[in-house]
Amino acid sequence: MNNLAQAIWVEFLKARRSKMPLFTALGFAMVPLGGGFFMLVLKDPEMARRVGLISAKAQLAMGAADWPTYLRFLTLAVGAGGIILFGLIASWVFGREYSDRTLKDLLALPTSRSAIVLSKCIVIAVWSAALTVMTCLITLGVGAALALPPVAPQVFWRSGITITVAAILTIILTTPIAFAASAWHGYLPPIGVMILAMGIGQLTNAAGWGEYFPWSVPALYAQGENLGPASIIIVILTGILGLAGTFLWWELADQTH
Amino acid sequence: MNTVIETDNLVKRYGDVTAVDGLSLRVAQGAIYAFLGLNGAGKTTTIRLLLGMVKPTAGRARVLGTEIRVGSKKPWDAVGYLVETADAYPQLTVRQNLEAMRRLRPGTAPQAVDRAIERLGLGPYADRRAGNLSHGNAQRLGLAKALLHAPELLILDEPANGLDPAGIVEIRNLLIELARDQGVTIFMSSHILAEVSRLAQRIGILHQGRLLQELELDELERNRRRWLLVRTRDCQAACSMLRDAGFSAETTPNAAIRITDLAAIEHPEAIAARLVQAGHALTLLNVEEEDLEQYFLRLVGMDGGNSK
């Protein structure tokens, strides 16, 4: 895997100079800000109705204005929303080479194609992790600004661990999206794959088999479902297959784009 | 002389379509070899085969002594290339695009970026985003990426694409200089024979995936058809007279006589004397030559019989 460090530098440059980090950061910031909005409303629903934050008909069934409710909202949003947002990042990082028609410039270089694929995967992972950390920090800031009632530090630790594990599982599941972007040459097909995966996830959840469908696992884990090791193994195997498929595609497939 | 590019019976099929059909060619070190063909002739597929981007269905290709396989890691440190259109990351500036390429080519000095910018005349655009470049400057950026690491071999797909006339001359001179002064081998494709004839020493003509003809530039000149064009007050009568004298003469749609005999082409004055003696005053006497486009179209069977 020669010249990996330089390949990572190049991938970060390409990501940094685009508008995608800003858009994804704004998208993910909606999670703690939206949660904060509900905390504000729950703190004083009557005041929220009076000033027009919510309509008179709004049904508030979210819970209480406290840290456990807020952190649970965050955890669920990262578990479910991460699939979409991290998947979008993977679609963009791989698919842009086809949309910008720059792939051909990466195929006959002294830097191996595997190094380029790995550098892209590293950028996706770091980018997704940074968004998760940013979301957690905004949550802490918003919660503190709303003066939510203090809780034991263990509440924060537990939520932190759950969010971290859910984010890692979700990041692992970006590799099949990277494969779809490579094999179908662009952004849109992997987004279609993502929507399909989420649709199947809904069905498997409804049928009670969600813990065996990889794209359902992070959300179920975030909800606090008691998942067995099989679920985690299925996610890891899916990630490995996606990664291997992407490597093999870049190394061995005919590249005509 | 070392062979830099060597293909043996190279075939590439996509389903029922044969893009490259039994291509065998050799390109010597320091040569400028042009690959000429219409759109869809198989030029870009050949270039992709040489760069290991697609697998051959049959045959083999060697570049700089290395057998090319899809995904092979050699010999790319010594090869610069431009395939199809010159594309770049639109959000990166010219300089950043070159810097990215430099880092992916280990061993290339940081100063190479400035050198490439200067060499391709991109100085005024160095800090402009690639997405905002004109077509011609985007092409220059593509060429700068290919030249960045001072390669031994340049594989260029339509290098003059999008350049204005001054740019075409500039790039042509640059390529000639690289081949002449630095021994760089240049393998380029084009569909413009006139441009190719000013640059290349050897030309391969590709049509429907097959190499129709490979020839040196002077052979190309020799192979072009010539004829003597004559016009008189009465072309029909003059033509009959010439035919009676044993010449292959025919009238043309624009009321002239075309004579294709070598004797007539080499001695038009003899024809003129013969016609005047027979009482046919000349209004036109001119040796004409098939232009390069006509020659090419005749070769690929697309001239509609115009240059007989």
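The values are calculated or read from the model by the stated rules, or taken from the named source; none is laboratory data. This is a predicted model, so every value here is computed, not measured. Cβ sites come from the backbone with ideal geometry, for glycine too, and all protein chains shown count toward neighbours. Note: areas computed on protein heavy atoms with side chains; ligands, DNA, RNA excluded. Shrake-Rupley method; radii C 1.70, N 1.55, O 1.52, S 1.80 Å.
Considering B:THR57, B:THR3, B:THR46, the condition of being of a type in the set (Ser, Thr, Tyr) and at pLDDT below 95 is satisfied by B:THR3 alone. Applying the condition of being facing chain A (nearest Cβ under 9 Å) and either of a type in the set (Ser, Thr, Tyr) or open to solvent by 50 Å² or more (accessible area, probe 1.4 Å) (or both) to the stretch B:45-62 and asking which residue is farthest from A:LYS104 (Cα to Cα) yields B:LYS55. Does the stretch B:80-134 hold any residues that are of a type in the set (Val, Ile, Thr) and touching a His at 6+ places or on another chain (Cβ under 6 Å), and which are they? Passing the criteria: only B:THR108. With respect to (1) surrounded by fewer than 22 Cβ atoms within 10 Å (Cβ to Cβ); (2) in a helix (DSSP H, G or I); (3) of a type outside the set (Phe, Trp, Tyr), the lone exception for A:ALA219 is condition (1).
Among the residues here, B:SER72 qualifies as over 24 Å from the mean Cα position of the chain (by Cα) and of a type in the set (Gly, Ala, Ser).
Tell me, yes or no, whether the stretch B:21-32 has at least one residue that is buried (at least 23 other Cβ atoms within 10 Å of the Cβ), more than 14 Å from every other protein chain (Cβ to nearest Cβ) and touching a helix residue (DSSP H, G or I) at 6+ places or on another chain (Cβ under 7 Å). Yes, there is a match, as at least one residue in the stretch B:21-32 is buried (at least 23 other Cβ atoms within 10 Å of the Cβ), more than 14 Å from every other protein chain (Cβ to nearest Cβ) and touching a helix residue (DSSP H, G or I) at 6+ places or on another chain (Cβ under 7 Å). Residues considered: B:GLY107, B:GLY40. Of these, the only one that is on the phi > 0 side of the Ramachandran plot and facing chain A (nearest Cβ under 10 Å) is B:GLY107. With respect to the conditions (1) in a helix (DSSP H, G or I); (2) within 30 Å of A:GLY242 (Cα to Cα), A:TYR70 falls short on a single one, namely (2).
Pick out the one residue from A:GLY224, A:GLY228, A:GLY242 that is touching a residue at least 60 places away in the same chain (Cβ under 8 Å) and exposed (fewer than 14 other Cβ atoms within 10 Å of the Cβ).
A:GLY224
I'd like the full set of residues that are outside any helix (DSSP H, G or I), among the hydrophobic types (A, V, I, L, M, F, W, C) and modelled with pLDDT under 95, limited to the stretch A:185-213. Hit for the stretch A:185-213 is A:TRP209, nothing else.
For the stretch A:108-133, filtering for residues that are in a helix (DSSP H, G or I) and either within 14 Å of chain B (Cβ to nearest Cβ) or open to solvent by 50 Å² or more (accessible area, probe 1.4 Å) (or both) leaves 13. With respect to being surrounded by 22 or more Cβ atoms within 10 Å (Cβ to Cβ) and away from chain A (no Cβ under 13 Å), B:GLN139 fits the description.
Tell me, yes or no, whether the stretch B:82-90 has at least one residue that is aromatic (Phe, Trp, Tyr), open to solvent by 10 Å² or more (accessible area, probe 1.4 Å) and at the interface with chain A (Cβ under 9 Å from one of its Cβ atoms). For the stretch B:82-90, residues aromatic (Phe, Trp, Tyr), open to solvent by 10 Å² or more (accessible area, probe 1.4 Å) and at the interface with chain A (Cβ under 9 Å from one of its Cβ atoms): present.
Yes or no, residue by residue, for (1) at pLDDT 90 or above; (2) in a helix (DSSP H, G or I); (3) of a type outside the set (Lys, Arg):
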residue	(1), (2), (3)
A:TRP9	yes, yes, yes
A:LEU13	yes, yes, yes
A:LEU26	yes, yes, yes
A:ALA29	yes, yes, yes
A:GLU46	no, yes, yes
A:ARG49	no, yes, no
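Name the single residue, out of those in the stretch B:121-132 being open to solvent by less than 30 Å² (accessible area, probe 1.4 Å) and without any contact (Cβ under 8 Å) to a residue 40 or more places away in the chain, that is nearest to B:TYR81 (Cα to Cα).
Applying the filter and picking the extreme gives B:LEU122.
Restricting attention to the stretch A:87-107 and to residues that are in contact (Cβ under 8 Å) with a residue 40 or more places away in the chain and polar (S, T, N, Q), the residue that is nearest to the other protein chains (Cβ to nearest Cβ) turns out to be A:SER99. Put simply, of B:VAL94, B:VAL79 the only residue that is open to solvent by less than 20 Å² (accessible area, probe 1.4 Å), under 28 Å from the mean Cα position of the chain (by Cα) and more than 9 Å from every other protein chain (Cβ to nearest Cβ) is B:VAL94.
Taking the listed residues B:GLY71, B:GLY65, the one that is at positive phi and either open to solvent by 20 Å² or more (accessible area, probe 1.4 Å) or basic (Lys, Arg) (or both) is B:GLY65, with no other qualifying. The residues of the stretch A:1-35 that are surrounded by fewer than 14 Cβ atoms within 10 Å (Cβ to Cβ), of a type in the set (A, V, I, L, M) and either within 11 Å of chain B (Cβ to nearest Cβ) or within 16 Å of A:PRO110 (Cα to Cα) (or both), listed by number, are A:MET1, A:ALA5.
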